[in-house]
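**Student:** Below are the structure tokens for one structure; questions will follow.
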Amino acid sequence: MKLRLSQLPVRNQRVLMRVDFNVPLKDDGSILDDSRILGALPSIRYVLEQGGSLILMSHLGRPKGAIDPKATLSPCAERLSALLQRPVIMAPDCVGEAVDSLAQHLKSGSVLMLENLRFHVGEEEPANEPGFVEGLARLGDVYVNDAFGTAHRAHASTALIARFFPNKAAMGFLIEKELANLEPLLKNPKRPFYAIIGGAKVASKAGIVKNLLDKLDALFIGGGMAFPFMAAQKISIGRSLCLETDIPIAKEIIDMAQQKGVQLHLPLDIVAKSEGAPNTVFTSGLPAGWAGMDIGPKTVQAWKKEFHNAATIYWNGPVGVYEQPPFDQGTLGIATALAKCSGIHTIVGGGDSIAAIQQMGLAPYFTHLSTGGGASLEFLEYGHLPGIDALSNAVS
């Protein structure tokens, strides 16, 4: 078991905390969605209440090792200041003499926000700026990682930095919550256990599907993922998106599911489009010239009935081209159906699935919405993440 924030003495300590403030911004630079900042508040407030001072570090966007004024973390500092109702000092950089001075003079109860880590090449490519991680480590007395969304990256601030804090590198409450919800899916999920897997590419999610098959009772495949599975079963898919290399992977998963007695559910109908024709629902494959865009109403109704037989449901990925209405109806239908599954553990693995749930105001009806799409996928595929592996072990 890894060291937890609640086990870390923080009183009169400078707590260097990695958070995930990679928030979406509007064109004017203001924050579109502050849910990632809200997710870090329990750990932030705990440190301040316990008498520690806080030095927060995060990335925002992909500035690729160069300063980009559009990727400054200033809006995050302003939003956090409003939420905490106390000043948040914005640093001019994340390393260097000026930052060292700000950190050294930080008083208990104060908060310092470092500038975007990815303004330095050393964050993503530590070997190309070897002094960067040391410069970060100098700023704190203890280290906390509460950025689950980046825990699958072996970057300077998420993995390498922990070695500078022997027995003083802990996970924050957000990561602790993520593990509490995801680990049971790998070890001992409440059965029957169902998974709904959507999105576009089979190859990117084959690992998680194969790893979960030993525990699953039923697997539902939607979105672009469905077409290689249909093609593997000789069902016509028209001109739907389908990589040839995904078809044998889909065939392997079909065979594995059959061997392990896992029920496999593919769409019963598909909403498709074709140039110059109205969108049409097909129930027995797609004609030439038609591209599948969403699961159809028959599929939503059939799956909805099945969901009530489950004890645990894990959902990752939209089941249609969610960002292009009206092809969002399948994803919204699945979100609504799951929200009505009272008494069932419903866990959603990041990305567009969560966007749909939040858009509809359904978040309170789900057991857990993961803050890291890629991180939750990798955790369920491999069972561990570099940003968590690097933390100190708890003393038993």
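**Student:** Among the lysines, which have Cα under 29 Å from the Cα of Lys298 when same-chain residues fewer than 8 positions away are ignored?
**Tutor:** Counting by Cα, and skipping residues close in sequence, Lys298 has these lysines nearby: Lys190, Lys201, Lys205, Lys210, Lys215, Lys234, Lys251, Lys260, Lys273, Lys340.
**Student:** Test of understanding: express the Cα radius of gyration of the range 297-384 as a ratio to 2.2 N^0.38 Å, with N the residue count. Don't jump to the answer; show the numbers that get you there.
**Tutor:** Numbers: Rg = 12.7 Å, N = 88, 2.2 N^0.38 = 12.1 Å.
The reported ratio for this selection is 1.05.
**Student:** Based on alpha-carbon centroids, what's the gap between the range 305-348 and the range 242-268 in Å, whole number please?
**Tutor:** 20
**Student:** I've got another one for you. Could you rank the peptides 296-304, 368-376 by their average count of other C-beta atoms within 10 Å per residue, with the highest value first? Working shown, then result.
**Tutor:** Numbers: 296-304: 18.9, 368-376: 22.6.
Descending mean neighbour count gives 368-376, 296-304.
**Student:** In whole Å, what are the extents of the range 1-63 along the principal axes defined by its C-alpha atoms, from largest to smallest?
**Tutor:** On the principal axes, the range 1-63 reaches 41, 25, 19 Å in Cα extent.
**Student:** Sticking with this one: Checking understanding here: applying a Kyte-Doolittle mean of at least -0.5 and a length along the axis of at least 18 Å (C-alpha), which whole DSSP H helices in the chain pass? Show your work: numbers first, answer last.
**Tutor:** Values: long enough: 35-49 (22 Å, 0.60); 173-187 (21 Å, 0.31); 246-260 (21 Å, -0.23).
Flagged H segments are 35-49, 173-187, 246-260.
**Student:** If you don't mind, another one. When a footprinting reagent is the concern and you count Cβ atoms within 10 Å, what order do Cys94, Cys242 take, fewest first?
**Tutor:** On the way: Cys94 27, Cys242 24.
Ranked by crowding around the Cβ, least crowded first: Cys242, Cys94.
**Student:** Whole-Å semi-axes of the range 208-309's equivalent ellipsoid, largest first, each the root of 5 times a Cα gyration tensor eigenvalue?
**Tutor:** Values: eigenvalues 123, 58, 16 Å².
Each semi-axis is the square root of five times an eigenvalue, giving 25, 17, 9 Å.
**Student:** Further question on the same structure: Hey, how many Å between the Cα centroid of the range 377-396 and the Cα centroid of the range 283-297?
**Tutor:** 41
**Student:** Identify, among Leu16, Ile249, Ser74, the residue whose Cα sits farthest towards the positive end of the charge dipole of the chain, taking +1 on the Cβ of Lys and Arg and -1 on the Cβ of Asp and Glu, with the dipole about the Cα centre.
**Tutor:** The listed residue farthest towards the positive side: Ile249.
**Student:** Please report the antiparallel percentage of DSSP beta bridges with both residues in the chain, rounded to the nearest 5.
**Tutor:** On the way: 11 of 49 bridges.
Antiparallel bridges make up about 20 percent of those DSSP assigns within the chain.
**Student:** Same structure, new question: Mind ranking 127-133, 51-57 by how tightly packed they are, going by the mean number of other C-beta atoms within 10 angstrom, highest first?
**Tutor:** On the way: 127-133: 14.1, 51-57: 23.9.
Descending packing order for the listed peptides: 51-57, 127-133.
**Student:** Here is a further query. Rounded to the nearest Å, what's the spacing between the alpha carbon centres of the range 171-188 and the range 30-64? Just the number, please.
**Tutor:** Going from one Cα centre to the other spans 20 Å.
**Student:** Still on this structure, please answer the following. Compute the relative contact order of the chain as a whole-number percentage, counting only Cα pairs closer than 8 Å that sit 6 or more residues apart in sequence. Please report the intermediate quantities before stating the final value.
**Tutor:** Details: 845 pairs, mean separation 67.0, N = 396.
Once normalised by length, the contact order is 17 percent.
**Student:** Quick one: compute the contact order of the range 186-257, relative version, from alpha carbon pairs under 8 angstrom and 6+ residues apart, as a percent.
**Tutor:** Working: 87 pairs, mean separation 25.2, N = 72.
Relative CO of the range 186-257 lands at 35 percent.
**Student:** Would you mind giving the three semi-axes, in whole Å and largest first, of the ellipsoid equivalent to the range 5-175 according to its Cα gyration tensor?
**Tutor:** Values: eigenvalues 87, 75, 46 Å².
In descending order, the three semi-axes are 21, 19, 15 Å.
**Student:** Would you list Asp328, Asp269, Asp33 from fewest to most Cβ contacts within 10 Å?
**Tutor:** Values: Asp328 22, Asp269 19, Asp33 13.
Final ranking by Cβ density, sparse to dense: Asp33, Asp269, Asp328.
**Student:** Would you mind putting 218-228, 166-176 in packing order, based on average other-beta-carbon counts within 10 Å, highest first? Numbers along the way, then the final one.
**Tutor:** Working: 218-228: 26.2, 166-176: 21.5.
My ranking of the peptides, most packed first, is 218-228, 166-176.
**Student:** For the chain, just say rounded, prolate or oblate: build the C-alpha gyration tensor, square-root its eigenvalues into a ≥ b ≥ c, call rounded for a/c under 1.5, and beyond that prolate if a/b exceeds b/c, oblate if not.
**Tutor:** Numbers: a/c = 2.19, a/b = 1.89, b/c = 1.16.
Note, shape of the chain comes out prolate.
**Student:** Can you give the Rg and Dmax of the range 245-297 based on its C-alpha atoms, in angstrom?
**Tutor:** Answer for the range 245-297, Rg first and Dmax second: 14.1, 44 Å.
**Student:** Using every Cα-Cα pair within the range 238-378, state what percent have a distance larger than 25 Å. Mind showing how you got there, number by number?
**Tutor:** Working: 3223 of 9870 pairs.
Tail fraction, whole percent: 33.
**Student:** Excluding same-chain residues fewer than 8 positions from Lys107, which lysines have a Cα within less than 21 Å of its Cα?
**Tutor:** Lys168
**Student:** Among the lysines, which have Cα under 26 Å from the Cα of Lys26 when same-chain residues fewer than 8 positions away are ignored?
**Tutor:** Hits, sequence-local ones excluded: Lys64, Lys70.
**Student:** Would you calculate a helix-derived [θ] at 222 nm for the chain, using -39,500 (n - 2.57) for each DSSP H run of n ≥ 4 and dividing by the full residue count, to the nearest 500? Each step should come with its number before you reach the end.
**Tutor:** Details: 14 runs with 137 residues, N = 396.
The helix contribution divided over the chain gives -10000 deg cm²/dmol.
**Student:** Ok, one more. Using Cβ counts within 10 Å as a stand-in for footprinting exposure, how do His345, His105, His152 rank, fewest first? Present the calculation step by step, with values, prior to reporting the outcome.
**Tutor:** Values: His345 19, His105 10, His152 24.
Fewest-to-most Cβ neighbours within 10 Å comes out as His105, His345, His152.
Where a number appears in this text, it was derived from the coordinates with a stated rule and is not lab data. Please read all numbers here as calculations on a predicted model, not as lab measurements. For neighbour counting, all protein chains shown are included, and Cβ atoms are generated from backbone atoms with ideal geometry for every residue, glycine included.
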